[in-house]
Amino acid sequence: MLGFVTMTTGAGAADRLLAATAETLQARGLRLAGAVQHNIERADRDCDMQLRILGTDAVIGITQDLGTCSEGCRLDGGALAQAVALAESVLAQGADLVIVNKFGKQECFGNGFRAFIAEALAQGIPVLLSVAPEQLAGFHDFAGELAEPVAPEAAMRWCETRTRAAA
């Protein structure tokens, strides 16, 4: 019950897909846990990333401001850990579905939302997330046979089917 979407076209397309899916499912009354990403475009540098923690009103910025000439990783590891902890507290209260913005580099290295995803799966809660093509190998090492590819246009149907089966 681990669905993954891989999108290769359009920056931020997977973020928008998962956010819209989460919004629709929450409006239908499903209890969601996890996080969806929203990027704030900046004229002077790469975008600023924010995570909206599902099941709460919290929005956590996970981008460090390293200045306009910086070329290093701008991810704020402390803010990401805060987002994960908040998502874990929602999951502990029960959820019908987990949506995570992505299985990225941090998760490939054993950090980020990796343990959160594993906990949801251990509880039998379906998980939908995105995986960039460059992280597919690390994702498959983690997910093994649980991984199920989901076409972007089928994401909503995948969630509906899995949550109905869980009910």
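Observations on the model:
- Among residues of the stretch 107-153, those that are surrounded by fewer than 19 Cβ atoms within 10 Å (Cβ to Cβ), in contact with a strand residue (DSSP E or B) (Cβ under 8 Å, 6 or more places away or on another chain) and among the aliphatic types (A, V, I, L, M), counted: 4
- For first residues located in the stretch 2-21 and under 18 Å from Leu51 (Cα atoms) and acidic (Asp, Glu), partners that are at pLDDT 90 or above and part of a strand (DSSP E or B) and lie 6+ apart or on another chain with Cβ distances below 9 Å form the pairs Asp15/Val36; Asp15/Ser130.
- Test for Ile40: is it at pLDDT 95 or above and of a type outside the set (Gly, Ala, Ser): no
- Considering Asp57, Asp46, the condition of being at pLDDT 65 or above, more than 21 Å from Ala147 (Cβ to Cβ), of a type in the set (Asp, Glu) and assigned to a loop (DSSP other than H, G, I, E, B) is satisfied by Asp57 alone.
The values are calculated or read from the model by the stated rules, or taken from the named source; none is laboratory data. Predicted model only: the values in this text are computed from it and were never measured. Backbone-built Cβ (ideal geometry, glycine too); neighbour counts: all protein chains shown.
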